[in-house]
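*Asks:* Handing you this structure, nothing more for now.
Each reported figure results from applying straightforward, stated rules to the coordinates on display, with no laboratory input. Just so you know, these numbers come straight off a predicted model, no measurement behind them. Methodologically, a virtual Cβ is constructed for each residue, glycine included, from the backbone with ideal geometry; neighbour enumeration extends over all protein chains shown.
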């Protein structure tokens, strides 16, 4: 009889956890962007997309929009039989806000998937991958150093950049 009581308590606890888990999942989805499904996009007759302006993804050449992301997006819009509206924005947080507020249907940029971003948004399968690299000068007199000495002078991990002065190229918009 005592075992039966433990089983009932255990089952009650499991049911409570499952219900709580479902509630958490619902609230998580509600925090995500205002979702517009494909049917609504087709009914509107246009696909509104934000992409960044740069020399490969989207640019204007002789008055014509061009670029890798642009070509992919145009193919998608043509496939769906709808018009493509491109919004150019190089501010990622603004782009995220537009998506969250339903002002666009998707963001088409090369983007690292982080835990925080995955919580907020859904991602497609990547069509390309890259890795970060650190470009640095060799130390003075590197030609006369042994390889182990040279190696000890170079930064090989981004964590080694802590408390160092870092220069980045200004992004031109």
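*Asks:* Compute the distance in nm between two label points, each set 7 Å from the Cα along the Cα-to-Cβ direction, one at residue 62 and one at residue 111.
*Replies:* 3.4
*Asks:* Let me ask another. Given a Förster radius of 30 Å and the C-beta distance between residue 118 and residue 160 as r, what FRET efficiency does 1/(1 + (r/R0)^6) yield to the nearest 0.05? Provide the component values of the computation, followed by the final result.
*Replies:* Details: r = 27 Å, r/R0 = 0.91.
For R0 = 30 Å, the calculated efficiency reads 0.65.
*Asks:* What FRET efficiency would be calculated for the residue pair residue 78, residue 37, taking the C-beta separation as r and a Förster radius of 22 Å, to the nearest 0.05? The partial results should precede the final answer.
*Replies:* Values: r = 20 Å, r/R0 = 0.90.
The calculated FRET efficiency here is 0.65.
*Asks:* Mind giving me the nanometre distance, one decimal, between the label points for residue 100 and residue 128, set 7 Å out from Cα along Cα→Cβ?
*Replies:* Label at residue 100, label at residue 128, 2.9 nm between them.
*Asks:* Could I ask something else about it? Treat each spin label as a single point 7 Å out from the Cα along the C-beta direction, and report the residue 55 to residue 87 distance in nm.
*Replies:* Simple spin-label model gives 2.8 nm for this pair.
*Asks:* Based on the mean of other Cβ atoms within 10 Å per residue, sort peptides 45-58, 154-167 so the most packed one is first. Numbers along the way, then the final one.
*Replies:* Working: 45-58: 18.3, 154-167: 8.1.
By packing density, highest mean first, the sequence is 45-58, 154-167.
*Asks:* Now, a different point. P(r) for segment 23-173, please, calculated from all Cα pair distances in 5 Å bins and given in %.
*Replies:* That works out to 2, 7, 13, 15, 15, 13, 9, 8, 7, 5, 3, 2, 1, 0, in percent per bin.
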